[in-house]
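The values are calculated or read from the model by the stated rules, or taken from the named source; none is laboratory data. The shown structure was predicted, so the numbers you read here are calculated from the model rather than taken from an experiment. Positions of Cβ are generated from backbone atoms using ideal geometry, with glycine treated the same way; all protein chains shown enter the neighbour counts. Side chains included, ligands, DNA and RNA excluded: accessible areas come from the protein's heavy atoms. Shrake-Rupley method; radii C 1.70, N 1.55, O 1.52, S 1.80 Å.
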Number of protein chains: 2
Amino acid sequence: MNTFSRSFSDRLLSDYNYTFNKNGVCGERLANRLALLSGIGLTSDSGTNRMGFSKEERCAKDQVIEWMEEAGLTVQEDGAGNVIGTLYGDDQQHVIMAGSHVDSVPNGGHFDGPLGVLCALEIVEAWKETGYKPQKTYEVVIFSDEEGSRFKSGLTGSTAMTGNADEVKLRSVKDVNGQAFGDVLQNVGLNADGFFRAKRDLNRVEVFYEVHIEQGKRLEQNNLPVGIVTGIAGPCWLEISFKGKAGHAGNTPMNDRQDPLVAAGDFTRQIPKLPREVSESAVATVGQLHVYPNGINVIPGEVVMTVDIRDIKKESRDFLVSKVKKLAENISEQHGVKLSFQEKVRIPPVPIKNSVLMTVEKAVKLEHIHPFYLPSGAGHDAMMMGRQVPVGMIFVRSKDGISHHPDEWSSLNDCVQAVHVLKKSVEATMERGV
Amino acid sequence: MNTFSRSFSDRLLSDYNYTFNKNGVCGERLANRLALLSGIGLTSDSGTNRMGFSKEERCAKDQVIEWMEEAGLTVQEDGAGNVIGTLYGDDQQHVIMAGSHVDSVPNGGHFDGPLGVLCALEIVEAWKETGYKPQKTYEVVIFSDEEGSRFKSGLTGSTAMTGNADEVKLRSVKDVNGQAFGDVLQNVGLNADGFFRAKRDLNRVEVFYEVHIEQGKRLEQNNLPVGIVTGIAGPCWLEISFKGKAGHAGNTPMNDRQDPLVAAGDFTRQIPKLPREVSESAVATVGQLHVYPNGINVIPGEVVMTVDIRDIKKESRDFLVSKVKKLAENISEQHGVKLSFQEKVRIPPVPIKNSVLMTVEKAVKLEHIHPFYLPSGAGHDAMMMGRQVPVGMIFVRSKDGISHHPDEWSSLNDCVQAVHVLKKSVEATMERGV
């Protein structure tokens, strides 16, 4: 273990409440494994670079495979590089899956992804220690390239497993370094043909559970270690262009202008008012905005921006999309600028079945934690899996809501409580289904 | 003459009203010369590339020098490459200057600059033809690198002549191709030491006149060939930064955001209301805006924009600057974002003396043109010269207000009328001073 990993593990254990070591779950083991993964792809900022399909992601997968095998799992890998460690039960007609990913954004943190994989694996360790023999088959999964930094996409592994990969698009895409999709795969021992054969029959899967850091501050604000995810918001990305008339900033009188940036300003300032008109969980954000030609002394000719619109229910999300469009139309009319829009992405939100929510709520209550419901605004592998099978998600408190950054942090107490909640949820599903 | 120049000349002459050929002024000569210069640095878009201190600018200067010498002027060049063609009068204690520049922006038009130089020269041709002997000394000037595309500055030649060059800055500056200032000068037979010695005693100069295309639509809207410039607006460039808190666009509830782009939107939409509160000629523009990190699914952490603020009077311009700052402060408070600003440029506006305005107005009336006053929002060599000597400017109607573009166009009728107005203004100054 390198120096960073050792201090990472020490930091995790420094305030650990050992009473959470129970029912075979071991905080030290979880801390040790998080720490060992944190050393793979370590950056000079104490963050991690484990881009999807990189040798660092490969190395992290291989490390987890070693632990899986030690824990008695049968490990297989599909054509997309998704790793599946299986504990066969007597009942092989019912499969319960749990997991997440081990890739990261550039200079990302050490919890987003690995925590979900290691929590899923810790359950197997706990069962081994207590002698619990699960009746149904249990799979621990590592999905490839969840973050999508390489191809500016995301959920690559889960997209392949669920048969949602866009073959035409991927066969022509280049990664951030200009390398073709097939070549990128070959660097880590995979190939494009195999990738597109990774689609799997998921009929036997009863539920996929994912533990993930919250990447927000709601749990912290409510002083709770874990939360129950009510649904995974599907984003709609609406690209909006306002076109006016470029001109010299000095020689064009104020009353003879069609300035698209003035219009865009009026638009962006009104966006925050719209989500609350549709639901409590809806959000809308202008994160990207480009001005053309963007010269200090030139009245802009065009402004192009993208509005990210999300909610956990399709109806309210789509209602919000229509409200954003209506606002853009009104602004275009009021400011005399030409409007055009293009939907770049519209992913259906994934609702979470009431029976799954009840199963997780029961598990939360058994741990004497107040059940707190919150939406997931970000996409996760569970979102893609949710297109085919029931899913459940457990969020873990994130310090200051920071994620995708070296400062990402969740206390070991919170992480281990998430293991207990996941374990009780899985066991309940083993016994009673969802 | 190449094919483009020939068709350019044909186009100029196609609707020329030959009654404007009078008092020795010759429209064909002016058209021919504009056309010949248009062929130097011609681009595939029918525009021109004559960057300051390029071989194309040099070539255009050499062509004009040839015409100057043919017209009987004594030609000198200073260390900054400014070309001065002198017609010595009996009275060498009073000098009247007129001119402009022959460099262009990349893929620029064929009137911005050359027209002012050739109008100034056409007067000498007219005097030669009519046998008029000016009492005072008359100088036709070509200033180097007015546009400033090379060093992202501008007015380089007039800055050197007036002693306003920033030696420390220029000695360390690199051009758009990464070449040092001194090396750029050496490419065209100049050198940095000579450049900084180009400062000239301008005490004997009574006035500098500049004819220039309007680069706006006011004359076109008022159906007038020329206009009298009331003052040259000095720009203030105020860089404004709003800092908020970056976050995940999906996971951050609407009521827990400090989005600097929402604040910047509210700011840019209110900017157009401010200039009319200080004067009719004031303008303010947000032309450049950068969002950080500018990711579709990331709430921006910072927005940096530059406000270009201009007016022809220092008091009203500075009042407008303070109003813009006040607005930024209010926005920062209302939206809970952190504000910082930095003044990147604050150039004093150049007012035009009443006596010069009267001289030009008289000349305009003698040509039976309705005297129309308008401000110059853009900077010109006359702005720099105006720091040391009285200046006068005559604007020529621009088709559709287009400039810095291959489509830049002024009719020969308008150009020749500008020659007559300039000529009568110069002659009046010869006879009565300013």
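Quick look at the numbers
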read-out: B/A buried area, accessible surface, summed, 1.4 Å probe, Å²; value: 4100
read-out: Chain A, relative contact order in percent, only Cα pairs under 8 angstrom and at least six apart counted; value: 21
read-out: Ellipsoid semi-axes in whole angstrom, largest first, where each is sqrt(5λ) of the Cα gyration tensor of the stretch A:237-346; value: 29, 12, 11
read-out: Listed residues B:I296, B:I309, B:I84, most fluctuating in chain B (Gaussian network, C-alpha, under 10 Å); value: B:I296
read-out: Stokes-Einstein D in µm²/s, Kirkwood radius over Cα pairs - the stretch A:291-434 at 25 °C with 0.890 mPa s viscosity; value: 129
read-out: Sparsely packed trypsin sites (Lys or Arg not before Pro) within the stretch A:42-143, loop by DSSP, other Cβ within 10 Å at most 14; value: none
read-out: Value of relative contact order over the stretch B:291-396, rounded to a whole percent, pairs C-alpha under 8 Å and six or more apart; value: 23
read-out: Inverse of mean 1/r across different Cα pairs in chain A, Kirkwood, Å; value: 23.0
read-out: Other-copy label distances relative to A:E69, 7 angstrom Cα-Cβ extension, nm; value: 8.8
read-out: 5 angstrom amide H check on B:Q288, placed H, neighbours 5+ away; value: B:T306
read-out: Residue-count net charge about B:D183 - beta-carbon cut-off 11 Å; Lys, Arg +1, Asp, Glu -1; value: 0
read-out: log10 of Debye I(q)/I(0), alpha-carbon scatterers only, for the protein assembly as shown at 0.06, 0.10, 0.11 Å⁻¹; value: -0.55, -0.99, -1.12
read-out: Using a 7 Å Cα-to-Cβ projection, A:S355 label spacings across copies, nm, ascending; value: 9.8
read-out: Rounded to whole Hz, the Karplus (6.51, -1.76, 1.60) HN-Hα couplings of the stretch A:106-111, x for glycine and proline; value: x, 6, x, x, 10, 10
read-out: With Cα atoms, 0 to 90° folded angle of helix A:114-130 axis to chain A main axis; value: 20
read-out: Under Karplus coefficients 6.51, -1.76 and 1.60, residue-wise ³J(HN,Hα) of the stretch A:61-74 in Hz, glycine/proline x; value: 4, 4, 4, 5, 4, 4, 5, 4, 5, 4, 7, x, 7, 8
read-out: Pairwise FRET efficiency - B:D407 versus A:K314, Cβ, R0 = 41 Å, nearest 0.05; value: 0.25
read-out: Average silhouette area of the stretch B:1-119, convex hull of alpha-carbon atoms, in square nanometres; value: 8.4
read-out: For the stretch B:105-234, alpha-carbon Rg over 2.2 N^0.38 Å; value: 1.26
read-out: Accessible surface, per residue, of the protein assembly as shown when the full set of protein chains is kept, probe 1.4 Å, Å²; value: 38
read-out: Residue closest to axis [chain B; rotation mapping onto A; Cβ; Å]; value: B:G265, 2
read-out: Mean residue ellipticity (222 nm) of chain B, computed from DSSP H runs ≥ 4 via -39,500 (n - 2.57), nearest 500; value: -11000 deg cm²/dmol
read-out: Accessible-area value, A:M97, 1.4 Å probe, nucleic acids and ligands omitted, Å²; value: 0
read-out: Calculated FRET value between A:N330 and A:R11, using beta carbons and R₀ = 51 Å, to 0.05; value: 0.45
read-out: Percent accessible area from carbon and sulfur atoms, the stretch B:237-346, protein chains only, probe 1.4 Å; value: 47
read-out: For the stretch A:272-287, residues shielded by at least 20 square angstrom of accessible area compared with the chain on its own, probe 1.4 Å; value: A:P272, A:V283, A:T285, A:V286, A:G287
read-out: Partner lysines for A:K273 [C-alpha distance under 17 Å; skip if fewer than 8 residues away on the same chain]; value: A:K323, A:K325, A:K326
read-out: 28 Å Cα-Cα reach of B:K424 towards lysines, excluding residues that sit fewer than 8 places from it in its own chain; value: B:K22, B:K61, B:K128, B:K133, B:K136, B:K217, B:K313, B:K353, B:K362, B:K365, B:K399
read-out: On Cα atoms only, tilt of A:27-38 relative to the major axis of chain A in degrees; value: 50
read-out: Overall dimensions of the stretch B:371-434 as given by Cα atoms, namely Rg and Dmax in Å; value: 13.7, 40
read-out: GNM flexibility winner over chain B from B:E146, B:E367, B:E214 (Cα, springs under 10 Å); value: B:E367
read-out: For A:377-387, mean number of other protein chain Cβ atoms within 10 Å; value: 1
read-out: Partner aspartates and glutamates for B:K243 [C-alpha distance under 17 Å; skip if fewer than 8 residues away on the same chain]; value: B:D256, B:D259, B:D266, B:E302, B:E329, B:E333
read-out: Average Cα contact separation per residue, the stretch B:237-346, under 8 Å, 6 or more apart, as relative contact order %; value: 43
